[in-house]
1. Mind pulling the angle between the C-alpha long axis of helix 353-364 and the longest principal axis of the chain? Nearest 10 degrees, somewhere in 0 to 90.
2. Take the alpha carbon gyration tensor of segment 11-160, find the square roots of its eigenvalues, order them as a ≥ b ≥ c, and report rounded if a/c is under 1.5; if not, report prolate when a/b exceeds b/c, else oblate.
3. Can you give me the relative contact order of segment 1-110 as a percent, contacts being Cα pairs under 8 Å and 6 or more apart?
4. Between VAL374, VAL363, VAL243, where does the largest GNM mean-square fluctuation fall for the chain, given springs only between Cα atoms within less than 10 Å?
5. Grab the beta carbon distance between LYS172 and THR219, set R0 = 41 Å, and tell me the FRET efficiency rounded to 0.05.
6. Would you work out the relative contact order for segment 8-351, in percent, from Cα pairs under 8 angstrom that are 6 or more residues apart?
7. Report, to the nearest 10°, how far helix 249-262 tilts away from the longest principal axis of the Cα atoms in the chain, using its own Cα long axis and a range of 0 to 90°.
8. Could you tell me how many cubic angstrom of Cα convex hull volume segment 222-263 has per residue?
Amino acid sequence: MTLPERMKFGIFLGPFHRAGENPTLALDRDLELIQWLDALGYDEAWIGEHHSAGWEIISSPEVFIAAAAERTRCIKLGTGVISLPYHHPLMVANRMAQLDHMTHGRVILGVGPGALPGDAYMMGIDPTTQRERMDEALGIILRLFTETEPITYKSDWFELKEALVHLRPFQKPHMPTAVASVQSPAGVALAGKYGASVLTITVPRDPSSGPSDLNALWTIAEDSAAEHGQVVNRHDWRLVIPVHLAESREEAMNDARIGGGRFLRDYTEGTNGRKAGFDGPLEKVIDHMTENTSWIVGTPDDCIEGIKRLEAQSGGFGGFLVQTIDWAPREKILNSYELLARYVMPHFQGTALSTMASNRWAVERQETLVSGRVQAIDRARQVYAERRG
C-alpha cells in the first residue's frame, strides 16, 4: 500500500499576504485560521520564517507557535521552517525544547537552509554556504537533544564550549524532525542522513519538462539513509500543494482567479524572480496552473483525484499540506478548508468507512426492512383497533 491507512492533513503557512495589506490583521487572521483547522480536526500546521520581501511576514515561527498553542487543543504545530544558518544551534535547541514542554508535546521541528535570498543577503551570509551550514547545525541540534555530556565544537560560524541543554525535549528522544525540500536533492539527502521526515514544497515549473519526478526524490532520501545507517518512512513524507475548493469547479476557479494570478505574477515571478511559466492574461493564470501544475482548484472530488495523481507520481506519501495563499475572500477560504475536512480527509483517513458500510447494508436490505416496518405498523393499528373495540 503506497498511502498510509490514515493520511495526515494540514497547512504550510508561509504565510503569503500581498505586500501593502494590514500586517497586524493578517497575523490575526493566520491565528484565526489555525483555530479553525483545530476545530475541523486537521493534524498539523507548519509556520514559516522569513525576513524580507514583504509577503511572508512571520519572522519567528516559535513566537507564533506559542500564541497558536494557547488557542488550540489538538493540532500539532511545526516550524515550517527554521532557517538554521541564521541561528546559533544551541538557541534553536533551547527554544524548541521549551516549546515542546509548553505545548505538552505538540511541536515538530522543521528545518531548512533559508529560502529567500534577501534574508541571507541582509545578514551577510554567503548563499553558497547555507546548505552546508544547515547540515552542520542540524547534526549539533540532534546531539544537544540526546547527549548527556557537554559538547565542545568549533565551526567557522558558531562555537560551543561545554554546551548542553538544561531542558530536554518533552517528546522522547526529541520532537519529530523534518527537512524542507523544494524539489532538489539537497533536502531529501539531508533528511536521509539524519533519519528525518521530508517536507516537499512544490513550485511552478515548465510544463514542457513534464511532471516532477517525486519518486526519484524519495529514492535519494532512501539511498542517503542507507549510507548513514538511518531509516526513512514514506508515510512521514509530506507534500505541500496550493489548494482551493468550492461546491463547484467554476465557483472555485472564480473565487481564486484574480488572487491566483497575483500570487504567481507578483510573488512567485515578480518578487522571487522565478521564470514565467505562463505569459497569458492574469485572469487565465489559474486555469493554466490547475491544468499544468500541481495546483488543485475545484471540488472535493477534484482534490481527491489530485491526491491520487500525486500518489502515482511519488510512489506514496503520508501527509498532504495545503500551501496557504490569500487568493480568495476570507469566508471562501474558510469554507475551502471545511470542504476538505468534510469530504476529502475521510477518503484518506478511513473515518467514513463504517458509516458508508452501514448505509450500504440498509440500502441492500431495503425491501426486507421496509416490509417489516409496514407489518409492524399494520399490527399496531390492528391491536389499537381491537382494544378500542
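1. Tilt relative to the chain: about 20 degrees.
2. oblate
3. 26 percent
4. Of the options given, VAL374 has the highest mean-square fluctuation.
5. 0.85
6. Values: 637 pairs, mean separation 58.6, N = 344.
With pairs under 8 Å counted, the relative contact order is 17 percent.
7. Here the helix axis deviates by roughly 20 degrees.
8. Hull volume over Cα atoms, normalised by residue count, gives 109 Å³.
Values quoted throughout were computed directly from the atomic coordinates according to the rules given, and no laboratory measurement underlies them. Predicted, not measured: the structure shown is a model, and the values here were computed from it. Positions of Cβ are backbone-derived with ideal geometry, glycine not excepted, and every protein chain shown enters the neighbour counts.
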